[in-house]
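Here is the structure we will look at, set down as structure tokens.
The values are calculated or read from the model by the stated rules, or taken from the named source; none is laboratory data. Values in this document were obtained by computation on a predicted structure and should not be read as measured data. Backbone-built Cβ (ideal geometry, glycine too); neighbour counts: all protein chains shown.
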Amino acid sequence: MRAPSAPLSLALFAGRRMLRNAARRKFGRLREPRYMVGFLLGAAYFVMLFTRPGSRTGRTPGTLRLPAEGGDLLLLAGAAALAVATLLMWLFRKGQPALGLSEAEIQFLFPAPISRKALLHYALLKAQLPVLFSALVITVVSGRRGGGTAIRTGAGLWLLLTATHFHNLALAFTKARWEELGATARRATKAVAFAVEGAALAILLVSLGAGLLAGASGIKGGSVASIGAFAVALRSGPFGAIPFAFLAPFRWIVAPIFAASAQAFWIALPPALLLLAVLYASVAWTAVRFEEATLAQASRRAELRSRRAAGRLEALPSAKRRGSVPFALAPRGRPEIAIVWKNLIAWKRTSLARQAFAIGALAAAFFTASAFLKGPTADVAAAIGSATCLGMTALLALVTPLGFRIDLRGDLEYAAVLRTWPLAAERLVLAELGAPALVAVLYGWGGIAIALAIASGRAARAAFLGTPMAEPLSSFQRLGVLVPVALTVAVFLPSLVALTLVIQNATVLAFPAWFPAGRKRAVGLEQSGLRMLSFLGTSLVLALALVPAAILAAPLIFFSFGFLGFWSLPIAAVLAALPVVAEAAGGVFLLARLFERFNPARDLGS
């Protein structure tokens, strides 16, 4: 078999081969029932995304339609954010001229009879495959899936992502070229570039600040059309029209995404393509050695893949980080504590006390900001913020344990070693569940603390200044309401986390062929379907398990709410937690029996 040597033909040849081999491997796995079920479920989910109401018209029901000046403001804001990010990258990012080739491509193409220029063109063209896929995914997620709107959005995103990729390579190549200069020329070039980039960033930030002040003064009357004062201020600010002219290339590359019609898109397309061609040429015609950096990058990617395959997301810690542990482990003590310590180390090398301090500092910052926040909508914003924190905490209590595989789901790969430990099965199961439960409860209580801090800040401001809170959300913000609600969530949270972890681990132990053990996260449509199936099963079992808790708590709330008010909720939470804890304890006993029956040679064979 002979591969073509022209860059475009080589890129098309490699892309066609990779897609064909990936499709052959994926469809070959569908012979197994678990992969077929997962594939069908994942495919059905994506079909539902494309066929739900609004997909044919390109907009979902209730889509916000901005006025014309609102679209202009979004365009200007996107260009300004892109310009600031670009200048910051040129100021602080170092140059690594790596082409993003795999080890196999390096092995075959570097010694091949292909010029360096052709190899560079091949790498730039090959990168379009993931860029096109990313543009497609973002287009689907954004809700623009139908008609010409989806095509224009996808094309605009492709232009932006491609320009970002070319710019990053141009930056890396340029800075690497500076390193090849002599010492005096290198220092002079870096000094001039730093001065120019810093001055441009300062001018842009000052002009943007002046524009925001002008726009805010115009919006005081409540007129949306007055946001045009922002663009006017940029043209006639302290530096004249220079900042607005500087934003021109960034407006060119962002304009196709915000095009309101096909005509506007075709008008915005030529400048964006011209900018793309300039960036491509700046990479292709910059003479710099890229072989060493490409080899180093490919080696790092291969090392990362091997770590993920082994369930380790981090590399071996440095000598400095080896002293960073979740908590001090005594030389003697219960072996369950050592297992929890080991699993926490596998998750993150950070002290639990330091994490708790960070959460406390964040809560203090929110309290301070809430107490000093002024304005007519400050009370409403604080109430929404505290309610959102509580709602997200309750939601994450269900979702977070699903992603923490630092328990039996991850350690079952080493089941043969686990069986040699001098622990009864029940104690081993409890120890394995300890680390994810501890992390989930810590961050759950942290979210509750932040919600209370936001509400306490407004309550302290009202108490010391004597200012009444805004209605209608201030009733939730009063501590007499929020404290019992938060206490209810805090009391019920540990039992809910424990039961969720038991169900998830029981799923892996009872159906190891369908939901394999290990910390490696497989990808693909069929794997997404299997994860959806696991989540649906967990939700169904959890809903059934919470029925006794609801039966016990509902009458207490019904009969005591009249004279206890919201304080009846934490009492009911204590009562509701009892059957959930009992079910979790029964689940631990069931997990112990499933672990005793687990056969590594049979159940880990797939």
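Quick notes on this one:
- The lone exception for residue 392 - which of (1) within 28 Å of the chain's Cα centre (by Cα); (2) surrounded by 18 or more Cβ atoms within 10 Å (Cβ to Cβ) it fails: (2)
- Some residue of the range 226-239 being at pLDDT 65 or above, loosely packed, with under 14 Cβ neighbours inside 10 Å and among the hydrophobic types (A, V, I, L, M, F, W, C): no
- Residue selected from the range 77-100 under the condition at pLDDT 70 or above and part of a loop (DSSP other than H, G, I, E, B), by the criterion surrounded by the fewest Cβ atoms within 10 Å (Cβ to Cβ): 94
- Residue 429 at pLDDT below 85 and assigned by TED's automatic domain parsing to the domain that holds residue 506: no
- Condition met for residue 381 (at pLDDT below 80 and within 30 Å of residue 462 (Cβ to Cβ)): yes
- Scanning the range 410-422 for residues that are surrounded by fewer than 18 Cβ atoms within 10 Å (Cβ to Cβ) and at pLDDT 80 or above returns 417, 419, 420, 421, 422.
- Pairs, first in the same structural domain as residue 172 (by TED's automatic domain parsing) and surrounded by 13 or more Cβ atoms within 10 Å (Cβ to Cβ) in the range 278-296, second at pLDDT below 75 and of a type in the set (Asp, Glu), C-beta under 9 Å, six or more apart: 295/103
- Test: residue in the range 361-373 that is modelled with pLDDT under 80 and loosely packed, with under 14 Cβ neighbours inside 10 Å: no
- For the range 399-409, filtered to residues that are buried (at least 17 other Cβ atoms within 10 Å of the Cβ) and modelled with pLDDT under 80, the residue that is nearest to residue 534 (Cα to Cα) is 402.
- Checklist (1) at pLDDT below 75; (2) under 19 Å from residue 74 (Cβ atoms); (3) basic (Lys, Arg); (4) in a helix (DSSP H, G or I) applied to residue 144, failing item: (4)
- Here residue 469 clears all of (1) crowded, with 17+ Cβ neighbours inside 10 Å; (2) at pLDDT 80 or above; (3) over 27 Å from residue 509 (Cβ atoms) except the condition numbered (2).
- Matching entry among 243, 256 (being assigned to a helix (DSSP H, G or I), modelled with pLDDT of 60 or more, surrounded by 13 or more Cβ atoms within 10 Å (Cβ to Cβ) and in contact with a Ser or Thr (Cβ under 9 Å, 6 or more places away or on another chain)): 243
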